[in-house]
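Engineer: Okay, handing you the structure first.
The values are calculated or read from the model by the stated rules, or taken from the named source; none is laboratory data. Every value quoted in this text rests on a predicted model; they were computed, and no experiment measured them. What goes into the accessible areas is simple: the full protein's heavy atoms, side chains included, and nothing from ligands, DNA or RNA. Shrake-Rupley method; radii C 1.70, N 1.55, O 1.52, S 1.80 Å.
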Amino acid sequence: MNEYDLIIVGAGPAGQSLAARLAQAPLRIALIDGESKATLAAPAYDGREIALTQTSIARLKQLGAWERLAEAEVAPLTRAEVLNGQSPYVLSFADQPGNALGALAPNSAIRRALFHTIAGQENCDFHTGRAATLDAIDAKGAQVRLADGAIIRGKMVVAADTRFSLLRKGQGISAHMLDFGRTMLVCRVQHAQPQNGVATEWFGHGQTVAMLPLRGDQSSFVLTLSAHAMQSVMALSDVDFARDVERRTQARWGEITLTSRRHAYPLVAVYASRFVGRRFALIGDAAVGMHPVTAHGFNFGLRSAYALGDEIMRALKAGRDIADPRGLARYERGHRRATLPLYAATNAIAQLYSDERPFARVARTAGLRLMNLAPGARRLVEASLRH
């Protein structure tokens, strides 16, 4: 039987970030994932480009992961613009002088950087290529069983096993799930017109389009359609797809060339009813799985890893159990305050801007103007870009 202090199930960005946050802690950490160690060390490009806030960048630097990203993998984000249909009105969020809004980096590159950050940690062991189930939790500790029958015991278990977390379900923690009935396509494209570091979100009729700036004359193209309509788009040849992108974007970026594979993901938002239990906590998408329209999924995941890590460090310094209920309660309260308002607002935006009824189209344009006129609403968005 393997004995640990902390067991983290899920070696995605949130799980790896928590392990890295506790690199100097006097703990034995087990990090479990169904993927092989080779896959975690060199994850394949999955089409997703992560919009990082300045706070997330600072946290990745503190973890030692930021410097492991190649310069060519990171693109500065200077401004974000939101458009609606044929309206000429633009809602713009600009950077501060000398300080970009954030940066974009591939999800695969961030995962690779985090893996190599913790690969050499003396206090962290990988258990890879095997799924895990939580056998039991009692007042003294928790027991996790791997698919090959191996048993791991620890003082606390953290579930970072995606927004469809089996550990969360196994602990009887319900979750609010909102299936938008839509599919998101992501890929990289090259274009003739420059993007100048501007991220554009364009709510058209029957579709949502985003162009996220990458290095040079490339962008990440994001298209959201109904699941049925997306099947036809995915079936297009590369050349026909490029022409379709030009049509959908009204040639704003000129001639388009596809430069990567296309990836499609169903859109489902998730918010757990509880983030903690006895010797148990949720982080990352297992706690809060965001719709990508406000690009906060990774930022909230990193925040949850940091917040829980801080509570564990506080307990250690005070000589308390790392699963001290008071610390877990503080983590839950803080993470709920940070995420719930934007989670609700994001879902409302996503639903409004996918509604094709006439009154909704009018409300969409009015909503953009209201955002500029309502200081409170604008401050909510601007504050979210800093966390």
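Engineer: Report the antiparallel proportion of the DSSP beta bridges in the chain as a percent, rounded to a multiple of 5.
Structural biologist: Taking every DSSP beta bridge within the chain, about 70 percent pair in antiparallel fashion.
Engineer: A further question on this structure: Quick one, what does Rg over Rh come out to for segment 218-333 if you take C-alpha atoms and the Kirkwood Rh?
Structural biologist: 1.21
Engineer: If you project the alpha carbons of segment 142-210 onto the principal axes, what extent comes out on each, in Å, largest first?
Structural biologist: 56, 25, 21
Engineer: Moving on. In degrees from 0 to 90, rounded to the nearest 10, what is the angle of the helix 358-373 Cα long axis to the longest principal axis of the chain?
Structural biologist: Taking Cα atoms only, the helix is inclined about 70 degrees.
Engineer: Show that you can apply the helix-only estimate: for the chain, add -39,500 (n - 2.57) for every DSSP H stretch of four or more residues, divide by all residues, and state [θ] at 222 nm to the nearest 500.
Structural biologist: The per-residue figure over the chain is -11000 deg cm²/dmol.
Engineer: Give me the orientation-averaged projected area of the Cα convex hull of segment 1-66, in nm², one decimal.
Structural biologist: That works out to 5.6 nm².
Engineer: Using a 1.4 Å probe on the protein heavy atoms, what percent of the accessible area of the chain belongs to carbon and sulfur?
Structural biologist: Of the solvent-accessible surface of the chain, carbon and sulfur hold 53 percent.
Engineer: Moving on to the next point. For the chain, what number of Lys pairs, 8 or more residues apart or on separate chains, have alpha-carbon atoms under 24 Å from each other? Numbers along the way, then the final one.
Structural biologist: Details: Lys37/Lys61; Lys61/Lys317; Lys140/Lys155; Lys140/Lys169; Lys140/Lys317; Lys155/Lys169; Lys155/Lys317.
For the chain, qualifying lysine pairs total 7.
Engineer: To the nearest 10 square angstrom, how much accessible area does Asp138 have with a 1.4 angstrom probe?
Structural biologist: For Asp138, the solvent-accessible surface is approximately 70 Å².
Engineer: What list of ³J(HN,Hα) couplings, whole Hz, do you get for segment 188-205 from phi and the Karplus terms 6.51, -1.76, 1.60, once you set θ to phi - 60° and write x for glycine and proline?
Structural biologist: For segment 188-205, the Karplus-derived couplings read 9, 9, 9, 9, 7, 9, x, 9, 6, x, 9, 8, 10, 10, 10, 8, x, 7 Hz, x marking Gly and Pro.
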